[in-house]
Amino acid sequence: MAGKKAVKFSFLIEDPKIWKQYKESYAVVFQKFCLNPKKRILKGLDEWFQNEFGKEIHERNPHHLVKEDLKKLMEWKLTRGKFRPRLTQMIAENKEEDIRTYSEEAFKNIDDPKKCIERLCKLRAVGPATASAILTAYKPEKYAFMADEAVQSVLSGKIDYTLKYYLKFLDEVRLKAKQLSATDDTTWTPHQIEICLWTAAMATKLDVNMSNEVKEEKPGSKRKSTDQLETSKKAKKVKSKN
């Protein structure tokens, strides 16, 4: 008998169970991604970005960034994507006072994506993509990182690293998070949608076999319970005796 068919992932998929399986596969795919010698330091940086960076910002009063945040974030971003050493130098040229001022203003306007990103982009070497990473770490329930792999899964054509383009991407992932939350028992965030999209794209690129992770049930098919199986066995025995 043929095995269950693996689902080809798409942004248009509406089943939260499939999205959840890709979200849970992030660690496996990310681990393989980090096998590249140039990516080995990324494991610690990603742990910081996903679990610590946002908390560090929230512990400051008022909420703001410091230069060390920007330097570490840029290292994470460039190691995860295309390495451009000049940006590392440029980000370090920002004055501590400017970093605090513009980040404070951005976080105070967190419900206005356009205003937030415009404030952060006043900093040297910070464009919409880097700004989106900052906002995602700060409020993952509101923002998503402008990762190439995620953007290409949502919007067609060449990526445009502009504020207008990012806002279009953000609108789409926010809508998807809202749609999944409406049919799931958990609340989805834009960042989780982005993580799923990255996982799916990188799984394909790295040739990670997702067939054991993501399965598609045939319409109307249900796995039999233990009681059902036992009842079936007894019925067969009675029939054979007759």
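Any read-out appearing in this document is the output of simple, stated calculations on the displayed coordinates, not a laboratory observation. Keep in mind that this is a model prediction, so the values were computed, not measured. When we count neighbours, we look across all protein chains shown, and the Cβ atoms used for this are built from the backbone with ideal geometry, even at glycine.
With the crude spin-label approximation of a point 7 Å out along Cα→Cβ, what separation in nm comes out for GLN152 versus LYS164?
Taking the simple label geometry, GLN152 and LYS164 are separated by 2.4 nm.
Give me the Debye-computed log₁₀ of I(q)/I(0) at q = 0.11, 0.13, 0.14 Å⁻¹ for segment 1-125, equal point scatterers on Cα only, no solvent, two decimals.
Ignoring solvent entirely, the Cα scatterers give -0.55, -0.72, -0.81.
Report the extension gain between LYS17 and THR183 in nm, rounded to one decimal, defined as 0.36 nm multiplied by the number of residues separating them, less their alpha carbon distance.
58.8 nm
Just in segment 79-141: which trypsin sites (Lys or Arg not before Pro) are loop by DSSP and have at most 10 other Cβ atoms within 10 Å?
Hits after loop and neighbour filter: LYS82.
Please report the net charge: other residues with Cβ closer than 13 Å to the Cβ of ILE57, K and R +1, D and E -1.
After counting each charged neighbour, the total is 0.
Taking 27 Å as the cut-off for C-alpha to C-alpha distance, list the pairs among LYS39/LYS158; LYS72/LYS176; LYS38/LYS71; LYS17/LYS55 that go past it.
LYS72/LYS176; LYS17/LYS55
For the pair ALA92/TRP48, report the inter-label distance in nm, with labels modelled 7 Å from Cα in the Cβ direction.
It works out to 1.4 nm between the two label points.
Nearest 0.05, what FRET efficiency do LYS205 and GLU24 give at R0 = 22 Å with Cβ-Cβ as r?
On the way: r = 19 Å, r/R0 = 0.87.
For LYS205 and GLU24, the calculated efficiency is 0.70.
Taking just the alpha-carbon atoms of segment 21-206, what radius of gyration and Dmax come out, in angstrom?
Considering segment 21-206 through its Cα atoms, Rg and Dmax are 15.9, 47 Å.
Relative contact order for segment 73-186 using alpha-carbon pairs under 8 Å, separation at least 6, rounded to a whole percent?
18
By the scheme Lys and Arg +1, Asp and Glu -1, what is the net charge of all other residues having a beta-carbon under 10 Å from that of CYS116?
+2
Applying a 10 Å radius around every beta-carbon, put 69-79, 50-60 in order of their mean neighbour count, most first.
The densest-packed peptide leads the list: 69-79, 50-60.
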